[in-house]
Amino acid sequence: MSAAETPIGFGRVFCISACWIQLSHRPRGLFLPKVMRRQDVRNIAIVAHVDHGKTTLVDALLRQSGAFRPNEQMLERVMDSFALERERGITIIAKNASILWNGVRINIVDTPGHSDFSGEVERALSMVDGILLLVDACEGPLPQTRFVVKKALEAGLPAVVCINKIDRAEACPAEVLDKIYDLFIDLDANEHQLDFPVLYTNARAGTAGRQVGNDARDLTPLFEAIIRHLPGPEVSDEATPQFQVNNLDYDDYVGRLALGRVVAGTIRAGHNYTRCRPHNSQCERAPTDGSASHSTRSACRVTRIYGWEGLRRVEREAAYAGDIVLIAGIADIEIGDTVTDLEDPRPLPPILIDQPTVAMTFSVNSSPWAGREGTFVTSRKLGERLLAEARRNVSVRVEQLSPEAWRVMARGELQLAVILETMRREGFEVQVSKPTVITRQDGNAILEPMEFLVVDLPEEFIGSVTQLLAARQGKMRAMETKASGVVRLEYDVPARGLIGLRGRFLTETRGLGVMHAIFNGYAPWRGAIRSRQNGAMISDREGIATPYALFHLQGRGQFFIRPGEPVYEGMIVGEYSRETNLPVNVCREKKLTNVRAAGHDEAIRLSPPRLMLLDNAIEWIDEEELVELTPKSVRIRHRILQTASRSKHRAAWTDKTPLQA
């Protein structure tokens with residue numbers, strides 16, 4: 001049944017709760033009728049760590065609910081519609097779907113599993129009334145799971161727990177369930193939140209059961225648990241219309257679209273409303289007491305309303321309290337705005353977003369080859385793109401440092417790397433600096449962001465990894481040895497200690513180690529951390545790299561380029577084996593003469609180069625180096641291009657105590 005068929009108060013079924021509410025615009029002592037909960041709608045967010053099977057489970061839910069025709073071709077991980085999501089195998093952008101099960105509309109919000117995209121998570125949780133927590137039966141709850149569950153419990157949301165991948169040989173569901181209870185207790189869950197139902201699922205096979213080993217055939221037990229244990233949205237048929245914007249989209253035909261939840265009342269297409277914008281539109285700077293800040297108001301008209309059937313958008317005539325919809329017709333609407341009644345406007349409190357912890361400087365490409373490969377190379381285009389990113393993603397903040405440089409602040413390296421990769425695919429040329437952490441001042445003490453790090457690795461690598469983390473001011477919290485011979489280490493590490501760690505960690509563990517980290521508050525500055533130990537090999541001229549030159553230089557270090565690749569003066573072509581920088585001539589050719597040699601020419605055998613991708617380049621660079629990014633290339637260069645003006649000694653090997661950022 002579509003939302004437009006039966007308006008609220010005329011045939012819709014509601015469950016009346018025992019609580020009473022008093023709206024702020026009524027005189028003290030005057031109460032409205034009882035708060036009601038809709039029984040025909042469930043708004044849920046699916047929460048899981050990276051690679052725990054969240055998107056695969058959504059595929060199965062859509063398939064078994066009849067969202068697709070029997071003969072319709074369905075892709076794997078259909079919710080990962082963003083190109084980078086499919087390439088990286090993670091969810092980056094929160095997306096929506098809707099399924100109908102036994103007359104109940106279940107609106108699903110697919111949340112990112114990585115804490116770097118916490119802005120998407122926090123906005124998604126503000127639209128739902130419960131969560132579906134998915135945990136791997138082998139790995140248990142990991143840091144990203146902890147982060148999202150903490151936000152959900154703080155919002156008072158109940159949970160349904162699914163222990164996934166129970167078909168794996170090393171699955172230990174009983175032990176994982178104990179860890180989930182420990183996690184909820186550690187996060188101060190109340191008694192109602194601790195009384196969660198548990199289901200054992202195999203997302204790939206599309207089955208769920210209430211007990212391990214039960215012959216489950218489909219996901220019917222999961223659908224029943226969602227409808228029975230997760231509440232419907234609270235509504236009141238006499239409340240003032242309120243719709244809060246949580247995300248933005250764009251359509252070529254109707255213009256800007258605003259995604260959000262109808263908090264109260266009814267929003268109808270073709271009617272006029274008031275758009276209320278907080279005085280400070282940056283949601284992460286919202287007041288901590290939860291009160292609504294002063295707002296600017298303007299009249300607006302909602303021209304169209306869209307809902308979902310499966311993954312397809314469908315147009316609707318009206319949206320009622322508890323519905324998650326898209327509205328069109330307001331060209332300048334922003335995230336955090338409230339669309340409310342025209343005559344009696346009542347803005348909602350802004351969405352609270354955690355502060356960013358990592359910053360990076362984006363600047364106009366100033367290399368000798370600037371403008372050769374990109375479409376957008378000017379400071380105006382770059383500035384407009386970064387400001388548009390800050391408007392779309394409220395967890396990102398942008399400050400202009402100069403006419404050609406901007407400081408972009410986000411929640412982590414991965415979020416910044418995704419922004420850069422998206423920009424290069426759009427045709428931008430940009431150069432970026434090494435990521436730095438954002439510190440705080442507390443009296444005379446400087447506080448830095450900390451990370452909770454979980455490492456899984458074979459036993460033989462414990463010594464080398466422990467030594468590596470100790471050099472980065474890490475302190476061990478716990479160590480656990482599993483039956484399979486894998487050891488789990490838990491560390492408290494400064495966020496700056498994780499910059500550039502992943503590459504060395506994989507080298508030390510020979511690619512067998514797995515690490516996950518999550519923001520864990522602020523702590524006093526822990527002291528200097530030595531950055532990259534080795535120096536760089538820097539080209540001293542422009543030309544084409546030759547096999548002859550690379551062969552005679554490969555004993556000095558490891559190259560980042562192949563033979564025949566063009567280079568320019570100041571471009572970094574490899575990692576030097578010593579601590580200083582080394583200018584090299586990679587364009588040197590063999591001198592040819594007409595004198596016959598007594599022997600034969602030596603065979604040129606080159607070691608495979610370490611090709612630098614975007615993530616590797618950002619981790620590798622030091623304070624005096626930059627990553628040059630174009631639609632076709634990722635290059636590393638020194639800030640000072642001229643060899644004669646550059647010292648061979650590196651600027652700094654350790655980071656010093658900074659002033660307040």
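The values are calculated or read from the model by the stated rules, or taken from the named source; none is laboratory data. The structure presented is a predicted model; accordingly, all values stated were derived computationally and were not measured. Glycine also receives a Cβ, built like all others from the backbone with ideal geometry; neighbour counts cover every protein chain displayed. Ligands, DNA and RNA are stripped out before the accessible areas are found, and what is left, the full protein with its side chains, is counted by its heavy atoms. Shrake-Rupley method; radii C 1.70, N 1.55, O 1.52, S 1.80 Å.
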Right, residue 453: under 24 Å from residue 484 (Cα atoms) and surrounded by 22 or more Cβ atoms within 10 Å (Cβ to Cβ) or not?
-> yes
Residue 65 being open to solvent by less than 30 Å² (accessible area, probe 1.4 Å) and modelled with pLDDT of 80 or more | no
Candidate set: the range 341-381, residues that are at pLDDT 90 or above, assigned to a loop (DSSP other than H, G, I, E, B) and among the hydroxyl-bearing types (Ser, Thr, Tyr); chosen: the one farthest from residue 439 (Cα to Cα) = 375
Are there any pairs, at least 6 apart or on different chains, whose C-beta atoms fall under 9 Å, with the first in the range 465-482 and outside any helix (DSSP H, G or I) and the second open to solvent by 90 Å² or more (accessible area, probe 1.4 Å), and if so, which?
-> 471/530; 472/530; 481/459; 482/170
Residues satisfying the stated conditions in the range 254-270, i.e. outside any strand (DSSP E or B) and either open to solvent by 10 Å² or more (accessible area, probe 1.4 Å) or at pLDDT below 65 (or both) | 254, 269, 270
Kindly indicate whether residue 514 is of a type in the set (Val, Ile, Thr) and surrounded by fewer than 21 Cβ atoms within 10 Å (Cβ to Cβ).
-> yes
Of residues in the range 163-190 being outside any helix (DSSP H, G or I), in contact with a strand residue (DSSP E or B) (Cβ under 9 Å, 6 or more places away or on another chain) and hydrophobic (A, V, I, L, M, F, W, C), the one most open to solvent (accessible area, probe 1.4 Å) = 166
Taking the stated definitions as given, is residue 273 assigned to a strand (DSSP E or B) and open to solvent by 60 Å² or more (accessible area, probe 1.4 Å)?
-> no
Search the range 312-325 for residues being within 25 Å of the chain's Cα centre (by Cα) and more than 22 Å from residue 39 (Cα to Cα), and hand back the single one that is most open to solvent (accessible area, probe 1.4 Å).
-> 312
Residue check, residue 225 at pLDDT 85 or above and not aromatic (Phe, Trp, Tyr) = yes
From 397, 488, 472, which residue is of a type in the set (D, E, K, R) and touching a Leu at 6+ places or on another chain (Cβ under 8 Å)?
-> 472
Do the conditions hold for residue 319, that is, is it assigned to a loop (DSSP other than H, G, I, E, B), out of contact with any Leu (no Cβ under 7 Å at 6 or more places or on another chain) and of a type outside the set (S, T, N, Q)?
-> no
Select from the range 404-442 the residues that are modelled with pLDDT under 90, over 18 Å from residue 636 (Cα atoms) and among the acidic types (Asp, Glu) and list them in ascending order.
-> 442
Members of the range 382-431 found to be in a strand (DSSP E or B) and in contact (Cβ under 8 Å) with a residue 60 or more places away in the chain, listed by number = 397, 410, 428, 430, 431
